[in-house]
Structure formats: structure tokens, C-alpha cells
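The values are calculated or read from the model by the stated rules, or taken from the named source; none is laboratory data. This is a predicted model, so every value here is computed, not measured. Reconstructed Cβ throughout: ideal geometry from the backbone, glycine too, with neighbour counts over all protein chains shown. Accessible surface areas use protein heavy atoms only, side chains included; no ligands, DNA or RNA. Shrake-Rupley method; radii C 1.70, N 1.55, O 1.52, S 1.80 Å.
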Amino acid sequence: MIRTPHRHWQPKLRWLPHVPKQTPPPIDTALIDLHEVHDGRAVVRHMARDGKRWLLPGSIASAFVSLVNIGVPVALGHAIDDGVVAANAAALAGWLALVALAYVVRAVAQTVRMQTNVGAGLAEHDLRVQALDRITAPQGIGGKSRLPGDLLAVVVTDVRAVSRAFIALTSIPGNIVTLLGALISMALINGWLVLATVCIVPLLILLSVKGVAPVKRSTHRERRAEAAVAGSAADLTSGLRVIQGLSAGHRATERFRAASRAGLAATLRNRRAKGVYTGTINASVGVFITVLTVLSGWLTLKNLISVGQLVTVVGLAQTLGPPLRALGVDTATMLANANASGDRFCELLNSPAAWPVHPDDGTRTTPGDGAVSLQVPVEKPEFCLNIPAGIHLGIVAPQQVCDALADAIDHGPQTLFNGVSASHLNPSQRRRLVLVAPRFPELFDDTARANIVLDRQATVTRFNAVVDAAAVDTVATVLPRGLETEVGEGGRHVSGGQRQRLALARALLHSPDGLVLIDPTTSVDAVTTATIAQRLQELRRGRTTVIATTSPALLDCMDEVVMLDDDGHEVARATHRELLARQDYQAMLS
């Protein structure tokens with residue numbers, strides 16, 4: 001489990017009119033301590049505990065709103081008895097003024113209550129960041145296989161459902177105040193009303209609490225089915241080009257339809273369960289309000305209560321309806337959703353590590369100093385390539401062989417780094433030794449400089465060196481604002497060659513002792529490629545550099561060139577100029 005340092009919320013609490021101005025904590029401050037949390041209920045409890053500085057004002061404000069809702073029917077009843085029945089205009093005006101004041105107080109209290117939404121938003125952000133930290137942790141996610149869409153559903157949908165429990169918890173004190181206030185008010189009017197309320201309300205609450213269990217189970221199944229559909233959709237769209245190339249579109253679509261049908265079935269079952277539950281609670285509450293109204297009417301006809309008290313009881317009965325429905329439907333359902341989503345959140349947070357975890361103190365993680373030697377076994381096609389330390393090695397091979405080789409260096413468990421198996425290293429440690437730059441690099445919606453540097457602190461000398469080596473200096477001269485020009489998402493505002501050179505500069509800046517490049521200059525003209533080849537050789541002198549390419553300019557600057565066939569077998573290994581005597585080598589370059 002990834003442990004996040006625990007820090008408390010510390011917003012500035014002021015009284016009612018000033019609470020909306022309270023200052024939230026820094027957006028990346030850890031808010032919720034989830035140490036040793038294993039289920040959704042515990043997540044909700046920790047969220048309520050660590051967010052009490054937001055939860056408490058909202059709960060108090062909710063209680064104020066409920067007190068006003070109870071007070072208004074009582075005031076209206078007195079207005080009728082003291083003002084209308086007794087024909088006292090002053091008393092009528094006084095009670096109506098009190099009602100108006102009560103509504104003003106309720107408006108202020110509702111404003112304060114809305115601050116709970118701020119806490120819920122902060123909690124949602126905090127949970128999302130913790131989930132993302134777990135997804136991107138160096139040790140990876142072990143256990144059952146998860147599709148990207150499943151992880152996305154946890155980070156977005158489930159986290160939002162958990163944070164909404166914050167709002168549900170805030171409403172509970174107000175609902176309790178409404179029930180107790182109504183009970184006390186009716187006790188002051190007539191004992192029969194109290195008896196009816198005491199007998200029926202606990203049954204309604206018990207029905208709400210017990211009846212929500214099937215809803216929670218069906219919600220849990222629906223969440224899992226939704227995740228499966230999202231995972232299938234993400235898997236389908238991310239591999240669409242491959243699927244179309246294999247003419248497997250029909251099979252992939254059928255797979256998605258099957259997942260979607262299962263998701264639909266789970267959703268319909270959950271909706272039916274919620275419908276039965278909601279209908280039962282609403283009908284029960286409606287019967288209770290009707291019984292209470294009929295009873296108060298009968299007491300009025302018997303002259304046991306006044307007309308004003310009848311109005312008060314009818315108003316209290318209507319006031320009791322929303323909290324009873326909220327406790328039974330809104331709050332219970334929301335908490336059931338939060339618990340079910342919290343279970344999935346905990347499954348992700350507590351998932352086992354996929355790779356061994358070793359101390360990460362920033363030092364080298366394999367024996368030896370300087371350049372990295374590699375022994376790369378590839379499964380499909382099956383072959384093994386030895387790369388001595390410090391060599392500049394060119395690879396001329398079919399595209400699928402180059403991609404398999406790059407994948408084996410980046411992910412293969414049997415690859416040896418300076419004689420140490422990759423199975424003893426996590427991805428972060430491996431990439432501190434060898435960086436494999438992707439064939440199709442991704443640029444972010446930021447400036448050219450930011451796309452090169454990312455979050456790394458680089459000296460001016462080092463930055464200028466990689467910019468020069470990748471020939472980005474010529475790119476800067478044609479961009480409107482030089483390296484401060486926005487390149488757009490995916491680099492859509494720059495050409496393909498400019499995009500490749502920016503990505504190459506980034507790889508050179510972040511590269512450790514070992515660097516693997518796959519066709520880094522396919523969109524760059526021959527003259528610029530020759531310039532890059534010479535500068536790259538100087539910049540990377542003494543460090544292991546592997547370039548899979550068919551560019552003669554790049555290959556001519558390599559210490560050795562390995563020629564591989566479709567099966568990965570080594571056909572020849574020599575310098576570029578020596579290999580030019582071979583016709584098969586010339587054919588591959590062309």
C-alpha cells in the first residue's frame with residue numbers, strides 16, 4: 001500500500017456571513033489519511049474525520065435550517081390562533097415578521113451549508129491524486145489484470161461517488177433535528193400525535209436502514225460492470241489501428257457489445273432495486289403523513305386541538321416528509337454508492353506490487369560505473385543481442401524486430417543490465433540506467449522549451465548542448481516566439497520534423513548512461529540528419545547509445561552496425577562502410 005504523509009485541513013473558520021471567504025489548503029496538500037484502510041466504510045469514516053473542519057460547519061448549518069423548517073409551521077399556527085381567530089392584527093403581523101426573519105436565517109444557514117461542497121471537492125481531488133499516485137508508482141500494480149478503462153473509472157467515477165458521501169453526512173444532523181423538533185412540537189400539542197409519531201417513525205427508519213442492503217450489493221455489481229465496459233472501450237479505441245490492420249473489427253466489436261450488455265443488465269438490476277426501495281420508502285412516508293393529518297383533523301373535530309394547531313401539525317407532517325425520504329432514499333443510497341465505490345478504491349490502493357521494491361536513493365542500482373552493458377533476450381522473434389558498454393550501436397532490421405528489441409529493453413524481465421537481471425529492478429531503476437525513447441513521441445500542450453525540459457532541473461549549458469545536438473536551434477529560429485512557442489496538444493502546431501527534433505532533444509536531456517532511439521529522424525531532411533549524427537556522436541561519447549534506423553548519416557557515425565533478419569538473427573556486424581559492400585544491406589537501407 002502506498003502511504004501518503006498525513007496532514008490536517010486547516011481552513012480559517014469564521015461565523016456565518018464570513019464562512020464563504022475561508023481559505024482552502026494548498027491544492028496538492030495531502031488531506032485524507034488512508035493508512036490501513038481496507039473497505040469503503042473505512043474510507044468514508046477517514047474522510048469525515050480528516051474533513052471535520054469542513055463537515056462541522058455544514059452540519060451545524062444543516063441543523064439551523066431544520067430548526068427554521070420546524071419553527072415556521074409553529075409560527076404560522078400561532079399566527080392563525082392569535083391573529084386570525086382572535087382578530088388581533090398586531091399579533092398576526094408579529095408572527096408573520098418572525099416567519100420572514102426565519103427565512104432570512106435559513107438563507108444564511110444554507111449558504112454556510114454549501115461550504116460542505118468545497119470540502120467534498122477537495123476530498124475528491126485528494127482521493128483522485130492518491131489513486132493516480134498508486135497507478136504511477138514505480139512498483140506497478142500487481143494482482144488481477146486491469147484494463148486502462150477500469151483504472152479510469154476508479155479515478156473519476158468511483159472517487160466522485162466517495163466524495164459525495166461528504167454531502168450525505170452533512171444532511172444527517174439536520175434530518176435528526178427535524179425529527180426531534182417535530183416530536184417535541186407535537187408533544188406540546190397533543191399526546192396522541194406523539195404516540196403515532198413514536199410508533200411509526202422508528203419503523204420507517206428501520207425499513208430505510210435494512211432495505212438499503214440489496215441496493216448496496218447491486219450498486220457494487222453495477223460499478224464493476226461499468227468498469228468492465230469502460231475498460232473494454234478504452235482497450236478498443238487505443239488499439240483501433242491494430243484491430244483494423246488485422247481485420248478484427250467485428251470480433252472486437254462483439255467483445256465490446258458483450259461487455260456492454262453485461263453492464264446494461266447490471267445497471268437495470270440496480271435501477272430496479274433502487275426503484276423498489278425508493279417506491280417503498282416514499283409510499284411508507286406518504287402513508288405516515290396521511291395518518292398524521294387524518295389524526296390531527298379528527299382531534300380538531302373533537303375540539304382537542306385548535307385550528308392553528310391543526311395547521312401546525314399539517315405543516316410539521318409536510319416538514320417530516322423530506323428528512324424521512326432523505327434518510328431512507330437520498331442519504332442511504334448515496335452512502336451505499338460511496339461504500340461500493342470506496343471498496344473499489346481500496347482494491348486499487350491496496351493492490352500488490354508488480355515489481356520488487358528496492359531503496360531508491362538516486363544512486364546507481366546495478367554494479368559498475370559509467371556506461372551500461374546490455375544483454376537483451378527477445379521472445380518473439382526469439383533472439384538475443386549483446387550490447388557492450390559505451391558503444392554506439394546502429395541496428396538495421398525490420399520494424400517489428402526493432403520494436404520487439406526496444407520493448408525487451410524497456411520491459412523484458414530477462415534483460416541484463418551490467419549483468420544484473422531486470423527482474424531485480426523496478427521500471428524507475430531501469431530507466432535511470434537506460435532510456436528507450438518511443439517511436440512516436442508525444443508532445444504536450446505547452447511551450448517547446450517545456451516539452452524538452454518537462455519537470456527536470458537542467459543547467460543552461462546542458463540544455464544548450466542537447467538543443468544543439470538535436471538541431472532544435474534551427475527550429476527555434478522559425479517558430480514565432482522561439483522555444484517559448486506553444487506547440488499544441490500532440491505537437492499539432494509544428495511540423496513532423498520539428499516534432500521529432502523536439503522529442504530527440506528531450507530524450508537527450510533526460511537520457512542516463514544508456515539511450516535507445518527508434519527511427520529518430522524519419523521526418524528530418526538529409527542535411528539536418530547528418531548534422532544531428534555528428535553532434536549526437538560528440539554529445540554521447542563514452543555512453544551506450546543504440547539507434548535503430550536506416551539513415552546512412554546516422555549509421556555512418558556508429559561504432560558498429562548490426563544487421564538482423566526477420567527472425568532477429570544476426571546477419572552481419574561491422575561498421576557501416578564495411579557493410580555497404582553487401583547487397584542485402586543496401587537493399588534494407590533503401
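Summary table
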| quantity | calculated |
| --- | --- |
| Tilt relative to the chain, helix 307-325 - C-alpha long axis, 0 to 90 degrees, to 10 | 20 |
| Solvent-accessible ranking of Val478, Val314, largest area first, probe 1.4 Å | Val478, Val314 |
| Separation of the Gln110 and Arg251 label points, Cα + 7 Å toward Cβ, nm | 5.9 |
| Charge dipole magnitude, Cβ of K and R +1, D and E -1 - region 44-161, Cα centre, debye nearest 20 | 480 |
| Order of exposure, largest accessible area first, which applies to Trp95, Trp298, Trp192, Trp54 with probe 1.4 Å | Trp192, Trp298, Trp95, Trp54 |
| Sequence-distant residues sharing a close amide H with Ile141 (under 5 Å, placed H) | Ala354 |
| Extension gain (nm, one decimal) between Asp133 and Asp565, 0.36 nm per residue minus Cα-Cα | 151.4 nm |
| Thr575 - accessible surface, heavy atoms, 1.4 Å probe, Å² rounded to 10 | 50 |
| Glu489 accessible area, assembled protein chains, probe 1.4 Å, Å² | 100 |
| Using a Förster distance of 35 Å, the FRET efficiency for Arg573-Ser428 (Cβ separation, nearest 0.05) | 0.60 |
| Leading residue at positive end of dipole, the chain (Cβ point charges), from Leu335, Ala107, Ser551 | Ala107 |
| Calculated FRET efficiency for the pair Thr474/Arg582, C-beta based, R₀ 35 Å, to 0.05 | 0.50 |
| Distance (nanometres) between label positions extended 7 Å along Cα→Cβ at Glu382 and Phe444 | 4.3 |
| Residue among Gln139, Ile452, Ala48 farthest towards the positive dipole end of the chain, charges placed on Cβ | Ala48 |
| Nearest-10 value in Å² for the accessible area of Lys210, using the 1.4 Å probe | 140 |
| Amide proton proximity set for Val562, modelled H, under 5 Å, gap of 5+ | Gly394, Ile395, Val396 |
| Backbone HN-Hα couplings from phi across region 186-203 [Karplus 6.51/-1.76/1.60, Hz, Gly and Pro as x] | 6, 5, 6, 9, 6, x, 4, 5, 5, 4, 4, 5, 5, 6, 8, 4, x, 5 |
| Considering only region 447-576, percent of DSSP beta bridges that pair antiparallel, nearest 5 | 50 |
| Accessible area in square angstrom per residue, region 392-535, 1.4 angstrom probe | 42 |
| Lys, Arg +1 and Asp, Glu -1 on Cβ, resulting dipole of region 402-547 about Cα centre, debye, nearest 20 | 420 |
| Additional length obtainable on full extension of the chain from Leu304 to Leu98, 0.36 nm per residue less Cα span | 71.5 nm |
| Added length on full extension, which subtracts the Cα-Cα distance from 0.36 nm per residue, Val291 to Glu538 | 79.8 nm |
| In Hz, Karplus ³J(HN,Hα) per residue of region 142-159 (6.51, -1.76, 1.60; θ = phi - 60°; x = Gly, Pro) | x, x, 5, 5, 10, 7, x, x, 5, 5, 5, 5, 5, 5, 9, 5, 5, 4 |
| Share of carbon and sulfur in the accessible heavy-atom surface of the chain [1.4 Å probe, %] | 60 |
| Between 0 and 90°, nearest 10: helix 52-78 axis offset from the chain longest Cα axis | 30 |
| Candidate residues Asp566, Asp158: accessible-area rank, largest first, probe 1.4 Å | Asp566, Asp158 |
| Dipole magnitude of the chain, debye to nearest 20 (Cβ charges: Lys/Arg +1, Asp/Glu -1, about Cα centre) | 2460 |
| DSSP bridge pairs, the chain: antiparallel proportion in percent, nearest 5 | 45 |
| Under 28 Å, Cα to Cα: Lys pairs in the chain, sequence gap 8 or more or different chains | 9 |
